[in-house]
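Data first, discussion second: the structure below is written as structure tokens.
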Number of protein chains: 2
Amino acid sequence: MYPSRVDITEVGTRDGLQAEQQFVPTERKIEFIAGFAAAGLRRIEATSFVSPRAVPQLADAAQVVAAAKTLGPTIAALVPNAKGAMRAVEADVDEMVVFISASESHSATNLNMSIDQAIAAVEPVAAIARDSGKVLRAAIAVAFGCPFEGDVPAATVSGIAGRLNSLGIGSLTLGDTTGMASPRHVETVCGKLFEDHPEMRLTLHFHNTRGLGLVNVMAGLKLGIDSYESAAAGLGGCPFAAGATGNICTEDLVYMLSELGIETGIDLDAMIGVAREMERYLGRALPGQLMRAGPRTRLHPVSAVRRAVG
Amino acid sequence: MYPSRVDITEVGTRDGLQAEQQFVPTERKIEFIAGFAAAGLRRIEATSFVSPRAVPQLADAAQVVAAAKTLGPTIAALVPNAKGAMRAVEADVDEMVVFISASESHSATNLNMSIDQAIAAVEPVAAIARDSGKVLRAAIAVAFGCPFEGDVPAATVSGIAGRLNSLGIGSLTLGDTTGMASPRHVETVCGKLFEDHPEMRLTLHFHNTRGLGLVNVMAGLKLGIDSYESAAAGLGGCPFAAGATGNICTEDLVYMLSELGIETGIDLDAMIGVAREMERYLGRALPGQLMRAGPRTRLHPVSAVRRAVG
């Protein structure tokens, strides 16, 4: 049975905008986040306290969090290390998210550390979270497949989850960083986690790189998982595939869930409005479908038809 | 349990090219169809014997069928009326497909007839099929929702199916003509058809207009349905939504099914090759994802990564 309600975390201004070539002005980012809040999103991963040299697109993390904090939703931010965590605490973020790669090659490329080093680096962040009373969550990248190594054993993902859990982290996002997941992987990896760490609260983060983003959400729903991350307009890219779509699209996800009778608390029309704003601002077609077609409930006058037989 | 094998009918040169502004030269259409055949497709809905005035893009139906017939796969074509059926028989097509709309307003707009008139018009076509020994199939348009009327009662679709069945038609395609289906509709409409017409062989035809195309295929697979229609590169449009995606994408469907361990007999790389050819020829980005990202099994050297944290 599907969950009756699903929580959606909007990651467009973090996972989406970090993949843009241009720096999106701080006030624009805040307008988008205000749009998410107005549409009913309760949790927003607003930015990342990563080195501004590594990701200049998010150099304004502190200002973005300061403004976003006034809007109501829980504001989360990625923190790659203790330095980032201190900046995040200073900015008074609600939740900090550390991330670990599930494969050594992705960890080396993405974090410049081995998996062991990356987990060791979480300890000081966990201490900072404790001392500051901030919620600490974790995300495991390439949890459903690595672009360098291929399949990642479910036991590896579960092992990392256990080590994070022993650091006091009870909420875990499984990231399909380059869109390699299929329902089979979702069942295997999540099944192993349920078995080994039934206490862990799971969130799934899919990319639509190979068209299976919402299909994988269906697989997660079938397992009873009630928390997903998505980006307005389907923002976000894939470093290996020019033109490939990015994160699953928030408004398309909201539409699918509503068609399944699953409550999200999000106003679809308002969400479509923000997605169109982002598309207009970025000046190129984004992958979201609902912002073009509208919901099925928006009917058309017969006069609108362009004659097409069959 | 999912079916172990699925039949895919390629409709790109019919449902896809009929939606193009330009007339695609006959020899190009035949090259595409040859590509489908080489990739392993066993059934191709190559064209439509509709009035060349109504759909000039398919005015070369007879030449396309004549050439396609030499390639091996079963060649099907839409026939809107007896005149079209006679042209189709003359061109020696393997299978003829009649279509009926499930809503009066769509029938009036699309066929210029009431549903009763459209079903009556099938009788002479059925006679032509009998006399010529051609297989006759039927498709029901807007079976999962009408862009003018909204939800279509499952009983209406089933009633039309029964009347087609009594004309000797045993194979039926349910068309989600403007991408209004969701898993709930698939279960309701197909469930009713199983109940009322267990002898009918069902094929599902989805459009990805609202991003749920492959999700709806999953719903069909869950019901044990093993026959689907799709278009290479996700070709095809929606008369109500500029820029909306069209048919579900053949190579993305093949990829999803292979990830589920379901056999299609289609070579994914060859199919991606044809899709890229179509995109190159049409000169604009088409919706297919696999032709950009490649299958999950195509790994990348670590050196290929563009540093992106998180």
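The values are calculated or read from the model by the stated rules, or taken from the named source; none is laboratory data. These numbers were taken from a predicted model, which means no experiment stands behind them. Cβ sites come from the backbone with ideal geometry, for glycine too, and all protein chains shown count toward neighbours. Surface accessibility is based on the protein's heavy atoms, side chains included, excluding ligands, DNA and RNA. Shrake-Rupley method; radii C 1.70, N 1.55, O 1.52, S 1.80 Å.
Rounded to the nearest 0.05, the FRET efficiency derived from the C-beta distance between A:GLU187 and B:LEU167 at R0 = 60 Å is 0.85.
Antiparallel beta bridges, as assigned by DSSP with both residues in chain A, represent about 5 percent of the total such bridges. Using the Karplus relation 6.51 cos²θ - 1.76 cosθ + 1.60 with θ = phi - 60°, the per-residue 3J(HN,Hα) values for the range A:4-17 come to 7, 9, 10, 8, 10, 9, 7, 10, x, 6, 9, 5, x, 6 Hz, with x marking Gly and Pro. Our note on the geometry: Cα centres of the range A:7-50 and the range B:175-247, 34 Å apart.
Of A:THR177, A:THR250, the order by accessible heavy-atom surface (1.4 Å probe, DNA, RNA and ligands excluded), from most exposed downward, is A:THR177, A:THR250. In the range B:192-215, the residues whose accessible area drops by at least 20 square angstrom when the other protein chains are added to the isolated chain are B:THR209, B:ARG210, B:GLY211, B:LEU212, B:LEU214, B:VAL215; the probe is 1.4 Å and only protein heavy atoms count. How would you classify the range B:27-111 from its alpha-carbon gyration tensor, with a ≥ b ≥ c the square roots of the eigenvalues: rounded for a/c under 1.5, else prolate if a/b is greater than b/c, otherwise oblate? Prolate. Computed on the Cα atoms alone, the convex hull of the range A:138-211 gives a volume of 74 cubic angstrom per residue.
Shape verdict for the protein assembly as shown, please, from the Cα gyration tensor: rounded (a/c under 1.5), prolate (a/b greater than b/c) or oblate. Taking the square roots of the gyration eigenvalues as a ≥ b ≥ c, the protein assembly as shown is prolate. Using θ = phi - 60° in the Karplus curve 6.51 cos²θ - 1.76 cosθ + 1.60, the 3J(HN,Hα) couplings for the range B:131-138 round to 4, 9, x, 8, 5, 10, 10, 9 Hz; x is entered for Gly and Pro. For A:PHE23, the solvent-accessible surface computed with a 1.4 Å probe is close to 90 Å², ligands and nucleic acids excluded.
Summing both sides, the accessible surface hidden between A and B at a 1.4 Å probe radius is close to 5500 Å². If you take every DSSP beta bridge fully contained in the protein assembly as shown, what fraction is antiparallel? Give it as a percent rounded to 5. DSSP beta bridges in the protein assembly as shown are roughly 5 percent antiparallel. Working note: Karplus 6.51/-1.76/1.60 with θ = phi - 60° gives the range B:230-235 the couplings 7, 10, 3, 6, x, 4 Hz, where Gly and Pro are set to x. Per-residue SASA remark: B:GLU277, around 70 Å² accessible (1.4 Å probe; ligands, DNA and RNA not included).
Only protein atoms count toward the accessible area here, which uses a 1.4 Å probe; on the range B:7-304, the carbon and sulfur part of that area reaches 52 percent. Which stretch or stretches of the range A:154-194 have amide N atoms under 20 Å from the point lying 7 Å from A:ASP131's Cα along the Cα→Cβ direction? Only A:167-169 pass the distance filter.
Counting only protein heavy atoms and using a 1.4 Å probe, the accessible area of A:CYS249 comes to about 10 Å². Straight Cα distances below 20 angstrom link A:LYS192 to the lysines A:LYS222, with same-chain residues fewer than 8 positions distant left out.
Note that the range A:90-132 carries a Kirkwood radius of 11.3 Å, evaluated over its alpha carbons pair by pair. For the range B:180-219, the residues whose amide N sits under 18 Å from a probe point set 7 Å from the Cα of B:GLU149 along the beta carbon direction are B:180-182, B:185-186, B:188-190, B:192-193. Under a 5 Å amide H cut-off, with hydrogens placed 1.01 Å from N, A:SER227 pairs with A:ASP7, A:LEU204 among residues at least 5 apart or on other chains. Relative to the longest principal axis of the Cα atoms of chain A, helix A:250-259 runs at roughly 70 degrees. Rounded, prolate or oblate: pick one for the range A:247-304, where a ≥ b ≥ c are the square roots of the eigenvalues of its C-alpha gyration tensor, a/c under 1.5 means rounded, and failing that, prolate if a/b is larger than b/c, else oblate. Note, shape of the range A:247-304 comes out oblate.
Just to confirm, what accessible area per residue do you get for the range B:7-304 at 1.4 Å probe, in whole Å²? Walk me through the numbers before you get to the answer.
On the way: 9770 Å² over 298 residues.
Using a 1.4 Å probe on heavy atoms only, each residue of the range B:7-304 averages 33 Å².
The angle between the Cα long axis of helix A:183-196 and the longest principal axis of the Cα atoms of chain A comes to about 40 degrees, rounded to the nearest 10. Ordered from highest to lowest accessible area with the whole protein assembly present and a 1.4 Å probe, A:LYS192, A:LYS134 read as A:LYS192, A:LYS134. Under 14 Å from the Cβ of B:ASN216, count the other residues' Cβ atoms, weight Lys and Arg +1, Asp and Glu -1, and hand me the total. Local net charge: -2.
For the range B:7-304, the normalised intensity computed at q = 0.14, 0.16 Å⁻¹ comes to -1.01, -1.36 (log10 of I(q)/I(0), Debye sum over alpha carbons, equal scatterers, no solvent). Adding -39500 (n - 2.57) for every DSSP H run of four residues or longer, then dividing by how many residues the protein assembly as shown holds, sets the calculated 222 nm ellipticity at -11500 deg cm²/dmol.
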